[in-house]
Amino acid sequence: MRQPTTIEIINRSFRGRPFKCAVFDFDGTISLLREQWPAIMTWFMVETISAGAEAAPGVRREVAHYVSDSAGYPTIAQMHKLVALVEKYGQVPIDRVLTAEAYKELYDRRLETAVNGKLDRLASGRLALTDLIVPGAVQFLVLLARRGLPLYVASTTDRRFLRREAARLKVTTYFQDIYGPDPVLPGYSKDWLVGYVIERHSLIPDQLLVVGDGQLEISVAKKHGGVALGVASTEAGDGTVNQHKREMLIKAGADLIVPDFSDYEGLAAYLFNEPLMSVDLP
């Protein structure tokens, strides 16, 4: 079994196996549409906490640290943290402190402006699909789908946004279903979905591969006994390892880490303990 040059083995006891199903995070794992979210959220939080005035000492540092460490967590949870920070620093009059839900709506608008700008450039030809997808991600999905694996998306981005963005990136057809926060699924979480997939497909837990760039999905995978492939993407699509992500993914329990899926053939062969063969892909 050839080890791809791009893969880092964290769990030395890992051996390839016949996986039966895979769950993917979306943003930063497949899609680069939202790669600006940390900067936008940091700016939004600092601006909100300081009420438009100069930020108090330490605010930007605390916010930046929190935003980085909360990658993969639900936006509403991040906005609850914002409410706590607004109250902690006390620069906003108490009668002007909004709810987490209201802050989420304001933040979503800012992020959607950035996403829509990219989609407009995609539609006009100023951006290509490859500019907006983690390198090799589509080819890796194809290889898993050809092996007969049901594939799912488990994200903390609202499902209505996910479905639109997956369609624009032309990856919808690879997934059995796409999940994110949705009013019709009040009990949804990544933890719930992983448990649901294991039960629905009658899996032995280590037949499940969970792939993501956030510590939440990695820790959920290990909680349920699955195999966790961490994607330490820079979200700039340059093939280098994001060292901060790498450290978080290792701490969360990642078995394996890649910067992206550029070596998709080698990665798939390694994961399934199969001979490396070149294949024709669409």
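Relative contact order for the range 37-124: what is it in percent, counting Cα pairs under 8 Å that are at least 6 residues apart? With pairs under 8 Å counted, the relative contact order is 31 percent.
Run the numbers on the range 183-282 and let me know its relative contact order in percent, using alpha-carbon pairs under 8 Å that are six or more apart.
Averaging sequence separation for qualifying contacts and normalising by length gives 20 percent for the range 183-282.
May I ask for the angle, rounded to the nearest 10°, between helix 37-49 and the longest principal axis of the chain, with both axes built from Cα atoms and the value confined to 0 to 90°? Around 20 degrees separate the two axes. Applying 0.36 nm per residue to the separation of His80 and Thr99 and subtracting their alpha-carbon distance, the gain on full extension is 6.1 nm. Val46 sits among other residues whose Cβ lies under 12 Å from its own Cβ, and their net charge, with Lys and Arg +1 and Asp and Glu -1, is -1. Remark: the Cα gyration tensor places the range 28-162 in the prolate category, a/c being 1.5 or greater and a/b exceeding b/c. The fewest-to-most ranking of Met45, Met248 by surrounding Cβ atoms within 10 Å reads Met248, Met45. Rounded to the nearest 5, the antiparallel percentage of DSSP beta bridges internal to the chain is 15%. Other residues within the sphere of radius under 15 Å centred on the Cβ of Ala123, judged by their own Cβ, net out at +3 (K and R +1, D and E -1).
Residues Arg168, Arg17, Arg146, ranked from the fewest to the most other C-beta atoms within 10 Å, line up as Arg146, Arg17, Arg168. Based on Cα contacts under 8 Å between residues 6+ apart, the chain shows a relative contact order of 31 percent. Against the longest alpha carbon principal axis of the chain, how many degrees, from 0 to 90 and to the nearest 10, is the axis of helix 159-168 turned? Roughly 60 degrees between the two axes.
Each 10 Å bin from zero up to the one holding the largest Cα-Cα distance in the range 113-181 carries the following percent of pairs: 19, 48, 30, 4. Volume of the convex hull of the chain (Cα atoms only), normalised per residue: 134 Å³. Computed extension length for Asn116-Glu54: 19.4 nm, one decimal, from 0.36 nm per residue of separation with the Cα-Cα distance subtracted. Could you tally the net charge around Tyr174, taking each other residue with its Cβ under 15 Å from the Cβ of Tyr174, Lys/Arg +1 and Asp/Glu -1? Combined, the nearby Lys, Arg, Asp and Glu give +2. Does the range 184-230 come out rounded, prolate or oblate, given a ≥ b ≥ c as the square roots of the eigenvalues of its C-alpha gyration tensor, rounded meaning a/c under 1.5 and, failing that, prolate meaning a/b above b/c? Since a/c reaches 1.5 but b/c is at least a/b, the shape of the range 184-230 is classed as oblate. The range 25-70 and the range 221-268 have Cα centres spaced 22 Å apart. Ranked by how many other Cβ atoms sit within 10 Å of their own Cβ, fewest first, the residues Val153, Val227 fall in the order Val227, Val153.
Of the listed peptides 46-58, 209-221, what is their order by residue-averaged count of other C-beta atoms within 10 Å, with the highest listed first?
Answer by packing, highest mean first, reads 209-221, 46-58.
Taken together, the values in this text are just the output of simple stated rules run on the coordinates, not laboratory data. Fair warning: this is a prediction, and the values are worked out from it, not measured in the lab. Using ideal geometry, Cβ is built from the backbone for each residue, glycine included, and neighbour counts are taken over all protein chains shown.
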